[in-house]
Amino acid sequence: MDSKKSIIIAESFPICLKGLADLISLQPDLKVVGAFDDYNPFIAAIGEFNPEAVILSAVLDIDSIELTKTVHGKYPKVPIIAFSMIKDPFYAERVLKAGARGYVLKHDAPDVILRAVREVIAGRIFVSEIVANHIFQKFVNGKDYTCDSLIGCLNDREIAVFRYIGQGFSTKKIAEKFNLSPKSVQSYRESIKRKLNLEDSHDLIKSAVQWMQNELVF
C-alpha cells in the first residue's frame, strides 16, 4: 500500500512548477498527483484525487487571496499552502484568513517548502520566517502592524484590485478578471484612493507599482 502523502501543485511559471514537482517527488514520504498551470484542471484534480495538501501559487494572475478563498470554499478539508512572492505580513495574514494553512515565500530554501508541506499535513500552521516575526509581534506583544502596511485598511477585493493595478492591468482587464463591470472596478479604485489618501489615478498607479516593487521577493 502506498503510504506517501499526495500533493497537488498550482503554479503559473513552468520552471517553478517543474522545480516544485521534482523536489517533492524526490521525497520518500510525498508524491505529486497533479501539477497544473491552469485553473480549471487544477480545481478538477482536487476533487478527483482528494490530496493531503495543495501548494497554491498565483494561477493565471489570479490574486492569492481570491484564489485561496475559492479553493477553500470548494474543498474546505484540503490544506492549502500559499507559495508567494509577496512578503508583506499583512497580505500573508489575509491569505491565511482566507483559508490557507501555510505561507511560504518563493525565495525560501527548498527545505522550507518541504517543512511547510509536512507541518500542514500534520495539522499545523506554517509561515515563512520573514513574515512570521511580524505576525508573532501582533499576537505576543500586542503590536498591530495594520498601520505599517500600505494595504492594511483595504478589504480583500480592494487588495486584489490594487495588486492588479500595480501589475499594469487596465480597468477593463481587471473587470474581466472578476467578471465585473468596468464601473464596479472604478468604484473599487475610488475607494482605494480615498482610503489611501491618493489624489488621482496617477497617484494610485504610482502607489500600487511601488508597493509591488517593495513587497516582491526575488
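Read the figures in this text as sums done on the coordinates, not as results from a lab. It should be emphasised that the depicted structure is a prediction, and the values quoted were computed from it without experimental measurement. For neighbour counting, all protein chains shown are included, and Cβ atoms are generated from backbone atoms with ideal geometry for every residue, glycine included.
When the chain is treated as a GNM with alpha-carbon contacts under 10 Å, the residue of Ile125, Ile80, Ile113 showing the greatest mean-square fluctuation is Ile125. In this Cβ point-charge picture (+1 for Lys and Arg, -1 for Asp and Glu), segment 5-139 has a dipole of about 460 debye about its Cα centre.
If the segment from Lys31 to Gln213 were pulled out straight at 0.36 nm per residue, it would be longer than the present Cα-Cα gap by 62.1 nm. Could you work out how far helix 64-74 tilts from the main Cα principal axis of the chain, as a 0 to 90 degree angle to the nearest 10? Result, in degrees: 50. Using the structure shown, select from Lys69/Lys106; Lys74/Lys193; Lys31/Lys177; Lys97/Lys177; Lys69/Lys195; Lys77/Lys183 the pairs with a Cα to Cα distance greater than 30 angstrom. Correct reply: Lys74/Lys193; Lys31/Lys177; Lys77/Lys183. Among Asp156, Asp29, Asp63, the largest mean-square fluctuation in a Gaussian network model of the chain, built with springs joining Cα atoms closer than 10 Å, belongs to Asp29.
Placing one equal scatterer on every Cα of the chain and applying the Debye formula, the log10 ratio I(q)/I(0) at q = 0.09, 0.10, 0.14 Å⁻¹ is -0.37, -0.45, -0.86. Taking the charge dipole of segment 1-143 about its Cα centre, with +1 at Lys and Arg Cβ atoms and -1 at Asp and Glu Cβ atoms, the residue from Ser84, Ile43, Ile125 reaching farthest to the positive side is Ile125. Taking the number of Cβ atoms within 10 Å of each Cβ as an exposure proxy, the fewest-first ranking of His134, His107, His202 is His202, His107, His134. When Ser57, Ser181 are sorted by how many other C-beta atoms sit within 10 angstrom of their C-beta, beginning with the fewest, the order is Ser181, Ser57. Measuring gaps between exposed loop sites in the chain (trypsin sites (Lys or Arg not before Pro); DSSP loop; at most 14 other Cβ atoms within 10 Å), the longest gap, sites not included, is 1-76. Structural descriptor for segment 150-215: relative contact order 43 percent, calculated from alpha carbon pairs under 8 angstrom and at least 6 residues apart. Quick one: net charge of Pro76's neighbours, Cβ under 12 Å, K/R +1, D/E -1? Neighbourhood net charge equals +4. Exposure proxy for Met85, Met212: other Cβ atoms within 10 Å of each Cβ, ordered fewest to most, give Met85, Met212.
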